[in-house]
Structure formats: structure tokens, C-alpha cells
Amino acid sequence: MKSRAFGPTGATLPVIGQGTWDMPESGASWGEAQRALRRGIELGMTHIDTAEMYGSGRVEELIGGALRGIPRDRYFIATKVLPTNATYRGTLAAAERSVARLKCEYLDLFLLHWPGAHPLAETMRAFDDLVTRGTVRFVGVSNFEPDAMLGAAAHLRAPLACNQVLYHLNERGIEHRLVPVARELGIAVVAYTPFGRGKFLRSGRAARDALERIARKHAATPHQVALAFLTREADVFAIPKAASVEHVEENAAAAELALDAGEIAAIDAAYPRGKAGPLAML
Ligand code: NAP
């Protein structure tokens, strides 16, 4: 699996990780989702993204079960505190609850899910204290505009590892300012919802044709081409969610797909970047 430096952390992460929003919260498909996650780790997609919000903790429990028996240094777990919980004490407590549900001893990455009403300085102070205690290795933010991201970094003693933001073929707004600012500061960008939940397949015929042509040339799928395009820059990572082994295998293989300049230009024309505007989020 192709991997690269994860912002200022000194860690190296796979270009493609695994999202978990909407993973089953119970029932027969719970086991299938766990098998998919384990297969992803086997294939090198060791970066698992989750949040205390997902299934109100049930998804973290599903992941905890999937990780059972896997040596702790073989996976990298990222979770997020809800803004409504992100007081100083609330942030410390949320991290402890997530560790307990995930049964993972410590968190590799802890993010503030989106900017909220509690003072950012308090949340960041809790993040620093969690790093000092060893509960958390690295900290970051999600859904932060570039200036707010700089504000978060300024409150921290620890380096800000990443900003996790919406990025897919039909939503390329972050390319205008967020990606360049993050690059300048050495902060990683993690692309969430990289398939726009399938939105790019519902685009106009010409756009789909362009993508399918490139996919055929590489004996790949449009989903794989989309992932290769989104991670074409050295500091962008993607975390597609897949609850089936088949999709996981396909996504892992996308890391090996290299697009040439002509193919990148063709996708750029088919799925234009659009105008700069406020940060889009789900
Ligand atoms: P997504 O990854 O864009 O799309 C997920 C959908 O794509 C699922 O229906 C999945 O089906 C399907 N899929 C996966 N691999 C496929 C493949 N190779 N071929 C065809 N279909 C495929 O959507 P997402 O879950 O919203 O985003 C990914 C992750 O980003 C989330 O799970 C979450 O961890 C994170 N996220 C973060 C935020 C935030 O605010 N920070 C917001 C949204 C999402 P199956 O499940 O059936 O395989």
C-alpha cells in the first residue's frame, strides 16, 4: 500500500484509509462490516476513521470488536469529539470513552468534529493534555475553514496534524485555498466522503464517459480512478467507507493507480473545480 508522511507527525500513513460512518450498528451485517475492516487492515488500509457520533458510540464498539487480536501497532485509529462535548473536561472524558469502546489503549488521532460553541482554546488545551498523558498521539480538526484551522494550530503546543474535510469529484472547493494553506504549514488534508456517496456517478454523461474511459484504460473502476485523482497531491489522504470485502479490496488497489498528466487534465475538465466559496460540509 502506497503511504506518505502524515503532516508534521513523523508518522507515515496509507494514502487510502477506511471510513466508518453509516457502518451497521447491529444485526447480521455487523459481522460483514468487521470482516471488511479487518481485510482492509490486512491490505494496508490501517488508518481507520470514526467518531463518537457514529451510531452514538456503536460504531466505535464495532471497530473495537474488529480490531481484537490485531497487534496495536498494526493500525492507526482516528476518532472525533462532538463539538457539544468539547469543553476542557468534556474533551478529556470523550477521549477516555472512545478508548474504552475501541478497546485500543490509546488513540492515534483525535479530532474536533466541527467548530462548535465552546471556546477553541479550551478544546485545544485538553488535546495538549491528552497528548501529554499518552491517551492520544496526534491531534487535528475537521470541517475547519483555513483561518479557523490556523487559529486551532495557534492554540496548540502539539503540532496540528490534519484537517479532515469534504472532498470529492463534485466538490473540489478545498483546492482553492485550504489545500495550499495546509501545504504551506505542513498540515495533512484528509478527504472525507471521497465518493460523494456515489454522487460522481450521477453526474452528466460526458463527465461519466471521461472517467469510464480512463478506468477502462487502467482496467480499473471509476471509483478507483476517483480515489487516485483525489490523492494525486502529496499531502492528501482519502478515507472511503466500504462495508463489504469486495469494495475494500477495490479501494485498496486504487492506491497503486497512477494517473498521468493528460488523465488528470481530462478529469479536471470533466469535473471542474468551480468557484471558491465557503467550506462545504455534510
Ligand atoms: P463515501 O466514502 O463517499 O461513500 C460510501 C459509499 O460508497 C457506501 O455506500 C459504500 O458502499 C460505497 N463504496 C465504497 N467503496 C466502493 C467501491 N469500491 N465501489 C462502489 N461503491 C463503493 O461516503 P462517507 O461514508 O460519507 O465518507 C467516508 C468516511 O468519511 C465516513 O465513513 C467517515 O468516516 C468520514 N466522514 C467524516 C465526516 C466529517 O464531518 N468529518 C463527514 C462524513 C464522512 P458499501 O458500504 O456497501 O461498501
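Just a few scattered comments:
- Residues of segment 250-266 satisfying the condition of being in contact with a Lys or Arg (Cβ under 9 Å, 6 or more places away or on another chain), crowded, with 16+ Cβ neighbours inside 10 Å and part of a helix (DSSP H, G or I): Ala252, Glu263, Ala266
- Boolean, Ala234 is surrounded by 16 or more Cβ atoms within 10 Å (Cβ to Cβ) and more than 8 Å from the ligand (Cβ to nearest atom): no
- Sole residue being out of contact with any helix residue (DSSP H, G or I) (no Cβ under 8 Å at 6 or more places or on another chain), within 15 Å of the ligand (Cβ to nearest atom), in contact (Cβ under 8 Å) with a residue 24 or more places away in the chain and open to solvent by 10 Å² or more (accessible area, probe 1.4 Å), chosen from Gly173, Gly186, Gly198: Gly173
- Filter result for the condition that a residue is within 16 Å of the ligand (Cβ to nearest atom), open to solvent by 10 Å² or more (accessible area, probe 1.4 Å) and of a type in the set (Gly, Ala, Ser), over Ala152, Ala148: Ala148
- Listing of helices (runs of 4 or more DSSP H) fully contained in segment 25-140 that carry 3 or more residues being under 30 Å from Pro278 (Cα atoms) and either within 16 Å of the ligand (Cβ to nearest atom) or open to solvent by 10 Å² or more (accessible area, probe 1.4 Å) (or both): 88-102, 120-133
- Segment 210-231 - residue that is away from the ligand (no atom under 14 Å from the Cβ) and open to solvent by less than 50 Å² (accessible area, probe 1.4 Å) and, of those, modelled with the lowest pLDDT: Ala210
- Residues that are open to solvent by 20 Å² or more (accessible area, probe 1.4 Å) and either over 18 Å from Asp108 (Cα atoms) or in contact (Cβ under 8 Å) with a residue 12 or more places away in the chain (or both) were ranked within segment 10-24; the one that is farthest from the chain's Cα centre (by Cα) is Pro24.
- Matching residues in segment 155-170 - criterion: being within 16 Å of the ligand (Cβ to nearest atom), closer than 19 Å to Leu112 by Cα and not in a loop (DSSP other than H, G, I, E, B): Leu160, Ala161, Cys162, Asn163, Gln164, Val165, Leu166
The values are calculated or read from the model by the stated rules, or taken from the named source; none is laboratory data. Just so it is clear, the structure is predicted and the values come from calculations on it, not from any experiment. In this analysis, Cβ positions are derived from the backbone assuming ideal geometry, glycine residues included, and neighbour counts consider all displayed protein chains. Note: areas computed on protein heavy atoms with side chains; ligands, DNA, RNA excluded. Shrake-Rupley method; radii C 1.70, N 1.55, O 1.52, S 1.80 Å.
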